[in-house]
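Down below is the structure, laid out as structure tokens.
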Ligand SMILES: *Cc1c(COP(=O)(O)O)cnc(C)c1O
């Protein structure tokens, strides 16, 4: 292995994700020995000569990754740039995938994926409820403009329920994709990825082609759940949340087989949904501490969830660690996830008035949407993240006027619990 550049880490297949998250994808010897990645702030790349330019463009069209070193073939930063390449290598290794494409937000990753891989007139089966942006893209853009038919699965751990959604979709037209969000936002509903992948494979006989199974892995992230190992074709993550971890940037990624990622990279070029060099650099830096942050946030979340469950003014806590023993959701969760995550909802006894009184009495916890940052964030779902969902549909999905979402951070658990305790006293 004498040809390996100094610091190369092709042994990464055997390494743990916490190790991959620290240094994989960056080789100091290729960057003047700089211990940490430089930020390549350039929009365009200078060719050595005309033949180099030709080779670089040939490489891009053939889908070859621009290598560092003598035959590097970067062209223009919207196509690819060194910081994006480093982040893609690291995310692909974390997701245990052949390839990865990163985007300037989770929604950029979602829209580039859906608009590239779903054809007009096809149907899309999806878990429910969906992240608001995904829901809007399918129902407000792709349904009216492209004749795409979205069909919701009622219970994504139940084979009959999934099959019934699939049959409904097939009645409309070819099923192009199954979009899975698990655990779902904000109620931590669980979908069985392996079961859905098996159903998708069966469809190959029925309709002549297999629908792609895509998992939105944002709520768990690569350390707690690996959708590709469960049989999914693509794993999408909003890097804005746990990967960034500091609520200071937006990003997204999609990992999977090279043959599926390559069209996404080409579509990214024409849609201009690439992630900028500084954003990539910040994410490379943030990923290094993701293991530590995840461990601490998960531990805090378990303590906060127990405190809330035992509190007389709290009616319900939907923490994944509390899924009922013996249920299909519990069995799936235990097989599929390495932890319960740190975002969940609880209902207080009362409604909007009581919820607002409690939220406005908080001194430490910050009132904001989003999740996965170092700081604990809290919000009233019905009047923020789910404000645009009609009341009847919102309540049917389990979000009531008493529902409060909590993204537990890495502060000291006693301070988070103390703040919640004093605020609950004010109801
Ligand atoms: C935040 C989020 C997204 C969208 O990501 P952005 O980076 O905000 O565009 C998609 N899916 C889920 C589950 C999310 O929580």
(request) Let me know the whole percent of all Cα-Cα pairs from the chain that are separated by more than 31 Å. (result) 42
(request) With a 10 Å radius around each residue's Cβ, average the other Cβ atoms per peptide and rank 405-411, 155-161, highest first. (result) 405-411, 155-161
(request) Could you give log10 I(q)/I(0) at q = 0.21, 0.25 Å⁻¹ for region 209-289, computed by the Debye formula over C-alpha point scatterers of equal weight, without solvent? (result) -1.06, -1.28
(message) Testing the spin-label approximation: label points 7 Å from Cα along Cα→Cβ at residue 391 and residue 115. State their distance in nm.
(response) 3.6
(request) Treat each spin label as a single point 7 Å out from the Cα along the C-beta direction, and report the residue 98 to residue 285 distance in nm. (result) 3.5
(request) Can you figure out the FRET efficiency of residue 374 with residue 168, using R₀ = 56 Å and their beta-carbon distance, to the nearest 0.05? (result) 0.85
(request) Could you sort 232-244, 318-330, 253-265 so that the peptide with the highest average Cβ count within 10 Å comes first and the rest follow in order? (result) 232-244, 253-265, 318-330
(request) With r as the distance between the Cβ atoms of residue 78 and residue 364 and R0 = 41 Å, compute the FRET efficiency 1/(1 + (r/R0)^6) and round to 0.05. (result) 0.45
(request) Could you line up 387, 45 from fewest to most neighbouring Cβ atoms inside 10 Å? (result) 387, 45
(message) If each residue of separation counts as 0.36 nm, what is the full-extension length gain between residue 35 and residue 335 once their alpha-carbon separation is subtracted?
(response) 104.1 nm
(message) How large are Rg and Dmax for region 290-424 when calculated on the C-alpha trace, in angstrom?
(response) 14.6, 40
(message) What number results when the radius of gyration of region 85-287, computed over Cα atoms, is divided by 2.2 N^0.38 Å?
(response) 0.96
(request) Note down the nm distance, to one decimal, between modelled labels 7 Å out along Cα→Cβ at residue 160 and at residue 412. (result) 5.3
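Just for the chain, what percent of DSSP beta bridges are antiparallel, to the closest 5?
Beta bridges within the chain, antiparallel portion: roughly 55 percent.
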(request) Rounded to the nearest 10 degrees, what's the angle between the helix 290-309 long axis and the longest principal axis of the chain, both from Cα atoms, 0 to 90? (result) 10
(request) Using only Cα atoms, find the angle between the long axis of helix 82-94 and the longest principal axis of the chain, and express it within 0 to 90 degrees, rounded to the nearest 10. (result) 60
(message) Taking the beta-carbon count within 10 Å as an exposure proxy, list 100, 298 from fewest neighbours to most.
(response) 298, 100
(request) Quick one: compute a quarter of the convex hull surface over the Cα atoms of region 382-427 and quote it in nm². (result) 4.1
(request) Calculate how steeply helix 50-62 sits against the longest principal axis of the alpha-carbon atoms of the chain, using the helix alpha-carbon long axis, and give the answer as 0 to 90 degrees to the nearest 10. (result) 40
(request) Rank-order 19-27, 201-209 by packing density, defined as the average count of other C-beta atoms within 10 Å over each peptide's residues, highest first. (result) 19-27, 201-209
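Read-outs throughout are calculated quantities, based only on the coordinates presented, and are distinct from any laboratory measurement. Source: prediction; values computed, not measured. Using ideal geometry, Cβ is built from the backbone for each residue, glycine included, and neighbour counts are taken over all protein chains shown.
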